[in-house]
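Since the structure comes first, as structure tokens, the remarks are kept for the end.
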Amino acid sequence: MKVDVLSIAAHPDDTEMSAGGTILSLIAQGKTVAAVDLTRGELGTRGTPEIRLAEADAASKILSLSARENMNFRDGFFRNDEEHQRALIPVIRHFRPEIVLTNTPDDRHPDHGRAAQLVVEACFYSGLRMIESERDGQKQEAWRPKFVYHFIQDRWLKPSFVMDISEHWAGKLASIKAYQSQFFDPKSAEPASYISSPEFMEFLRARAEEYGHMIGVKYGEGFISPRMLGTKDIFGLV
């Protein structure tokens, strides 16, 4: 199953919070997008792994993802090592994306930076034909995505580029709110968490407005490229 873009993130809801608008924009352009969650977010303050999987499924429908998988790595304790890289390589080779979106390289949550490094290295090793892998009993060919981009999360980082998501802000917000157990709910009796306050939702909006302002649009999502980007169409830049 080949897709144009694959989002690989540490936790369910990372993709929606940081790249949901970009995904909706890509799909509106006719691109195919899939997502992979490395963990079930089982260490989260609110909800359960089962609830979060159901919420991820609901969010996937809102984003019109072609597929979504969960690696079932241990939340908080997965590592960037050979074991986890070899587990992820068959998934990358299965989806054969041109572009991979993944976690920010530096953030408040230590899982995010560690996931970013794991994904970068797994994408590189996925392109080495001497590393063998199989899926569903079938041997796989090597595949390396052309680009890996890091979406920006809690900490403010200077983006390499900003995607205009103005037309897709409502859809992005709906995909985030699909995670009802995690975000603000005045009726919830669960303990408060870092992301469960109404102020956090306002932060997400303010962040999108800030990045949008940087390119002269209403809402934007920022991404970091590990390498210099080029263009053949200077008039295509905004």
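Structure notes:
- Single residue of the stretch 21-37 satisfying the filter (of a type in the set (Gly, Ala, Ser) and in contact (Cβ under 8 Å) with a residue 40 or more places away in the chain) that is surrounded by the fewest Cβ atoms within 10 Å (Cβ to Cβ): ALA28
- Note on the stretch 62-77: among residues that are free of Cβ contacts under 8 Å to residues at least 60 places away in the same chain and within 16 Å of ARG114 (Cα to Cα), the one that is surrounded by the fewest Cβ atoms within 10 Å (Cβ to Cβ) is PHE77.
- Flag for GLU82 being in contact with a strand residue (DSSP E or B) (Cβ under 8 Å, 6 or more places away or on another chain), free of Cβ contacts under 8 Å to residues at least 24 places away in the same chain and open to solvent by 50 Å² or more (accessible area, probe 1.4 Å): no
- Remark: pairs (first residue in the stretch 195-219, in contact (Cβ under 8 Å) with a residue 60 or more places away in the chain and on the phi < 0 side of the Ramachandran plot; second residue in a helix (DSSP H, G or I) and among the hydrophobic types (A, V, I, L, M, F, W, C); Cβ separation under 9 Å; 6+ apart in sequence or on different chains) = LEU204/MET17; LEU204/LEU173; LEU204/ILE176; ALA208/TRP169; TYR219/TRP169; TYR219/ALA208.
Every residue, every condition in (1) free of Cβ contacts under 8 Å to residues at least 12 places away in the same chain; (2) within 19 Å of GLU221 (Cβ to Cβ); (3) buried (at least 19 other Cβ atoms within 10 Å of the Cβ); (4) under 15 Å from the mean Cα position of the chain (by Cα), yes or no:
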{"position": "HIS112", "(1), (2), (3), (4)": "no, yes, yes, yes"}
{"position": "ALA116", "(1), (2), (3), (4)": "no, yes, yes, yes"}
{"position": "GLU121", "(1), (2), (3), (4)": "no, no, no, no"}
{"position": "LEU128", "(1), (2), (3), (4)": "no, no, no, no"}
{"position": "GLU134", "(1), (2), (3), (4)": "no, no, no, no"}
{"position": "ALA142", "(1), (2), (3), (4)": "no, no, no, no"}
{"position": "SER160", "(1), (2), (3), (4)": "no, yes, no, no"}
{"position": "ILE165", "(1), (2), (3), (4)": "no, yes, yes, no"}
{"position": "SER188", "(1), (2), (3), (4)": "no, no, no, no"}
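- Among the residues listed as PRO191, PRO145, PRO159, the single one being part of a loop (DSSP other than H, G, I, E, B) and touching a helix residue (DSSP H, G or I) at 6+ places or on another chain (Cβ under 6 Å): PRO145
- Checked against the criterion of being of a type outside the set (Phe, Trp, Tyr) and either part of a strand (DSSP E or B) or touching a His at 6+ places or on another chain (Cβ under 7 Å) (or both), the candidates ILE27, ILE51, ILE8 yield just one match: ILE8.
- Taking the criterion of being among the acidic types (Asp, Glu) and surrounded by fewer than 17 Cβ atoms within 10 Å (Cβ to Cβ), the residues of the stretch 38-61 that qualify are GLU42, GLU50, ASP57.
- So PRO90, is it open to solvent by less than 30 Å² (accessible area, probe 1.4 Å), in contact with a Lys or Arg (Cβ under 8 Å, 6 or more places away or on another chain), of a type outside the set (Ser, Thr, Tyr) and modelled with pLDDT of 95 or more: yes
The values are calculated or read from the model by the stated rules, or taken from the named source; none is laboratory data. This structure is a prediction, so every number in the text was calculated from the model and none was measured. With ideal geometry, Cβ positions are generated from the backbone for all residues, glycine too; neighbour counts draw on all protein chains shown. Accessible surface areas use protein heavy atoms only, side chains included; no ligands, DNA or RNA. Shrake-Rupley method; radii C 1.70, N 1.55, O 1.52, S 1.80 Å.
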